[in-house]
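A.B. asks: Have a look at this one before I ask anything.
Coordinate-derived values only; no laboratory data. For clarity, every value in this text was computed on a predicted model and none was experimentally measured. Every residue, glycine as well, gets a Cβ built from its backbone with ideal geometry; the counts of neighbours run over all protein chains shown.
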Amino acid sequence: MRPGALRWVAYAMGAGLPERHRTWVLYDTTTRTWVLRHVARALVQLAVPIALVLVFVPGAFWIRGLAALGGLILGMAFSLAYMTEAVENRVKKAGYAPGSAQAVRDLAGRDRDARDSERRRAAAAKRAARYRARRGG
């Protein structure tokens, strides 16, 4: 069950979700787009300090803008550097064992690789059959 917008913002800021959202947290951290979802959560977290810098720090706007941009770049670098750890912490908060998200992603990756391999094998066989048919063999 997907959380509502306000609950998602709280989740993005680091709050835990109720038990009924437990499976959604695992899905959120293991789906194919889990990296993009992590980036979205990180941007939500960084929005507050960036807005505070832009609004309340005295000085020319271009200086505040560059300070905010520098903070955004550093914040995103830090967030991306510790992405897997942050995701595992979210999964642990939801009640799963540490390493669960990585295990699910690894399993999905193996399944995806097997499907891709089979698809490529079938395409190669089809090309080989076309080649043999053209060659008269």
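A.B. asks: Between 0 and 90 degrees, rounded to the nearest ten: what's the tilt of helix 100-135 against the longest Cα principal axis of the chain?
C.D. replies: So the inclination is approximately 40 degrees.
A.B. asks: How would you order 115-121, 88-94 from highest to lowest mean count of nearby Cβ atoms within 10 Å? Don't skip to the end; give the middle numbers.
C.D. replies: Details: 115-121: 10.0, 88-94: 18.7.
Averaged packing, sorted descending, gives the order 88-94, 115-121.
A.B. asks: In whole Hz and in residue order, list the ³J(HN,Hα) couplings for segment 3-19 that follow from phi through the Karplus curve 6.51 cos²θ - 1.76 cosθ + 1.60, θ = phi - 60°; x for Gly and Pro.
C.D. replies: x, x, 4, 5, 5, 5, 4, 4, 4, 5, 7, x, 6, x, 10, x, 3
A.B. asks: Which distance in nm do the two modelled labels at Arg2 and Glu19 give, with both placed 7 Å along the Cα-to-Cβ direction?
C.D. replies: According to this spin-label approximation, the distance is 2.5 nm.
A.B. asks: While we're looking at this one, here's another question. Under a 5 Å amide H to amide H cut-off, with H placed in plane at 1.01 Å, what residues pair with Gly99 once short-range neighbours are removed?
C.D. replies: none
A.B. asks: For Leu36 and Ala122, calculate 0.36 nm times their separation in residues minus their Cα-Cα distance, and state this gained length in nm to one decimal.
C.D. replies: 27.8 nm
A.B. asks: Using Cα centres only, tell me the gap between segment 51-79 and segment 6-28 in whole Å.
C.D. replies: When both Cα centres are located, 28 Å separates them.
A.B. asks: Can you check what the net charge comes to around Trp8, using other residues whose Cβ is under 11 Å from the Cβ of Trp8 (Lys, Arg +1; Asp, Glu -1)?
C.D. replies: +3
A.B. asks: To continue, here is another question. Spelling out what I want: for every residue of segment 75-80, take phi, set θ = phi - 60°, compute 6.51 cos²θ - 1.76 cosθ + 1.60 (Karplus), and round to whole Hz; glycine and proline get x.
C.D. replies: So the J values, rounded to whole Hz, are x, 5, 4, 4, 4, 6.
A.B. asks: Next up: Could you give the angle, 0 to 90 degrees to the nearest 10, between helix 83-93's Cα long axis and the longest principal axis of the Cα atoms of the chain?
C.D. replies: 80
A.B. asks: Another one. Relative to the first principal axis of the alpha-carbon coordinates of the chain, what is the inclination of helix 34-56, with its axis defined by its Cα atoms, in degrees from 0 to 90 and to the nearest 10?
C.D. replies: The answer is roughly 20 degrees.
A.B. asks: Classify the chain as rounded, prolate or oblate, taking a ≥ b ≥ c as the square roots of the eigenvalues of its Cα gyration tensor: rounded when a/c is under 1.5, otherwise prolate if a/b is larger than b/c and oblate if not.
C.D. replies: Details: a/c = 3.65, a/b = 1.83, b/c = 2.00.
Oblate is the answer for the chain, as a/c is 1.5 or above yet b/c matches or exceeds a/b.
A.B. asks: What does the highest-first list of 96-107, 54-65 look like by mean Cβ count within 10 Å?
C.D. replies: Most protected by this proxy first, the peptides run 96-107, 54-65.
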